[in-house]
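Chemist: Supplied in structure tokens, the structure appears directly below.
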Amino acid sequence: MNTSSEKGISHSRAKSPDRSRNAQQGIDLERRVNDFATEVVADSGYRPPTRVERRTVAEGVGLLVDGRSADAGRRLAEVDYGIRTLTDRATGRRYAEIADAAGESHRGWGRVYVALGAPVRWSVQVPHPVADMGSERLGSAVLTGQSGGVLVIAGAHRKAGRGDASDVAHRRDTVFHAVCDELAERRLPGVQLHGFADSTEPDYDVIVSTGRGTSTEARESGRRLARALGGRDFTVCRAWARKCVLEGRTNKQGRDAAELEVPFLHVEFSHSVRSDAASAGRAVAAVRSTVESWT
């Protein structure tokens with residue numbers, strides 16, 4: 001067993017380092033993402049973006065993924081988003097943090113983290129931080145553990161908006177969806193992380209689905225992840241082989257990926273997996289092994 005890749009996820013909290021310390025020593029990027037969820041997302045309001053606003057953020061992310069950082073910065077500034085370069089202390093890898101520079105606590109549009117220094121090959125998506133407790137920890141750990149990734153994380157609790165306005169997994173009129181769609185159009189496969197109560201599917205630890213995707217590539221990615229999870233002692237419900245609860249077939253990001261025939265995995269982890277550091281670490285290692293096949 002590779003203990004460095006399967007270590008438990010820390011559940012401690014601390015304030016993000018200041019700019020000078022980041023420049024000299026780097027930061028704990030996983031902690032930064034997790035603090036964003038607990039300190040911003042948990043209490044954020046939500047203001048639905050206009051079509052122009054969500055497309056502007058998505059286009060800015062696309063420009064950055066294409067290596068056009070100056071153009072990306074100018075585009076994002078049109079909607080008061082900014083780019084900050086961060087170095088993860090544990091890995092030495094550099095990331096661009098794309099974040100709301102003006103209304104993060106009331107617009108609730110979320111953040112994007114893009115790996116720098118190598119071509120971007122895949123995305124990990126966290127649509128329900130805080131609501132799906134610990135999903136943000138899984139997502140941040142997947143990002144830092146494998147090169148070439150993008151993390152897209154929602155900026156508000158799924159119930160922060162009016163009705164289901166901020167439930168980004170089930171709407172197309174959000175910044176989250178626009179960014180995920182921009183990445184899918186660039187043929188980047190994605191894995192979206194969710195959580196379920198143990199009582200919802202008591203016989204399983206994890207539910208793996210390709211959503212609406214039926215391509216050979218999507219199915220093979222799903223099988224690869226299911227094998228990796230099973231090899232780490234998780235019981236897995238494989239949605240393409242049997243009826244599972246929470247198969248993600250109505251997930252909007254998955255539907256768009258399926259239309260483009262881009263691999264998309266919808267993965268639900270039980271509360272027991274997400275709340276136990278050792279189990280979460282094994283789950284992250286399995287997901288990392290799958291995204292590695294996309295690099």
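The values are calculated or read from the model by the stated rules, or taken from the named source; none is laboratory data. No experiment lies behind these values; they were computed from the predicted model shown. Cβ placement follows ideal geometry from the backbone for every residue including glycine, while neighbour counts extend to all protein chains displayed. Surface accessibility is based on the protein's heavy atoms, side chains included, excluding ligands, DNA and RNA. Shrake-Rupley method; radii C 1.70, N 1.55, O 1.52, S 1.80 Å.
Chemist: Does the range 147-167 hold any residues that are under 20 Å from Asp80 (Cβ atoms) and open to solvent by less than 10 Å² (accessible area, probe 1.4 Å), and which are they?
Modeler: Hits for the range 147-167 are Val152, Ile153, Ala154, Gly155, Ala156, Ser166.
Chemist: Condition first: β-branched (Val, Ile, Thr) and either closer than 20 Å to Pro127 by Cβ or touching a helix residue (DSSP H, G or I) at 6+ places or on another chain (Cβ under 6 Å) (or both). Now tell me which residues in the range 181-237 satisfy that.
Modeler: Val191, Thr200, Val206, Ile207, Val208, Thr210, Val236 - these are the residues of the range 181-237 that are β-branched (Val, Ile, Thr) and either closer than 20 Å to Pro127 by Cβ or touching a helix residue (DSSP H, G or I) at 6+ places or on another chain (Cβ under 6 Å) (or both).
Chemist: Still on this structure: Checking the structure you have, find out if any residue of the range 239-256 is within 22 Å of Asp132 (Cβ to Cβ), aliphatic (A, V, I, L, M) and touching a helix residue (DSSP H, G or I) at 6+ places or on another chain (Cβ under 7 Å).
Modeler: No, every residue in the range 239-256 fails to be within 22 Å of Asp132 (Cβ to Cβ), aliphatic (A, V, I, L, M) and touching a helix residue (DSSP H, G or I) at 6+ places or on another chain (Cβ under 7 Å).
Chemist: Please count how many residues of the range 171-191 are in a helix (DSSP H, G or I) and either over 15 Å from the mean Cα position of the chain (by Cα) or among the aromatic types (Phe, Trp, Tyr) (or both). Full working, then the answer.
Modeler: As a first pass, look at the range 171-191 and keep what is in a helix (DSSP H, G or I): 175-185.
Checking the rest, the ones that are also either over 15 Å from the mean Cα position of the chain (by Cα) or among the aromatic types (Phe, Trp, Tyr) (or both) come to 176, 185.
Looking only at that region, the number is 2.
Chemist: Output the residues belonging to the range 282-291 that are open to solvent by 20 Å² or more (accessible area, probe 1.4 Å), over 13 Å from Leu143 (Cβ atoms) and either free of Cβ contacts under 8 Å to residues at least 60 places away in the same chain or not polar (S, T, N, Q) (or both).
Modeler: Arg282
Chemist: Given the structure, is Ala277 free of Cβ contacts under 8 Å to residues at least 24 places away in the same chain and within 19 Å of the chain's Cα centre (by Cα)? Even if it seems obvious, please write down each step before you answer.
Modeler: Working: free of Cβ contacts under 8 Å to residues at least 24 places away in the same chain: no; within 19 Å of the chain's Cα centre (by Cα): yes.
Taking the combined requirement at face value, the residue does not satisfy it.
Chemist: Take the range 107-118 and flag every residue that is out of contact with any Leu (no Cβ under 6 Å at 6 or more places or on another chain) and modelled with pLDDT of 95 or more.
Modeler: Passing the criteria: Arg107, Gly108, Trp109, Gly110, Arg111, Val112, Ala115, Leu116.
Chemist: Being within 23 Å of Leu188 (Cα to Cα), surrounded by fewer than 20 Cβ atoms within 10 Å (Cβ to Cβ) and at pLDDT 95 or above is the requirement here; does Arg89 meet it?
Modeler: Considered against the rule, which asks whether it is within 23 Å of Leu188 (Cα to Cα), surrounded by fewer than 20 Cβ atoms within 10 Å (Cβ to Cβ) and at pLDDT 95 or above, Arg89 comes out as no.
Chemist: Another question, if that's okay. Anything in the range 116-146 that is buried (at least 24 other Cβ atoms within 10 Å of the Cβ) and among the aliphatic types (A, V, I, L, M)? List them, or say none.
Modeler: Passing the criteria: Val124, Val126, Leu138, Ala141, Val142, Leu143.
Condition check ((1) modelled with pLDDT of 95 or more; (2) of a type in the set (Val, Ile, Thr); (3) surrounded by 17 or more Cβ atoms within 10 Å (Cβ to Cβ)) across all residues:
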residue: Ala58; (1), (2), (3): yes, no, yes
residue: Gly62; (1), (2), (3): yes, no, yes
residue: Arg68; (1), (2), (3): yes, no, no
residue: Arg75; (1), (2), (3): yes, no, yes
residue: Val79; (1), (2), (3): yes, yes, yes
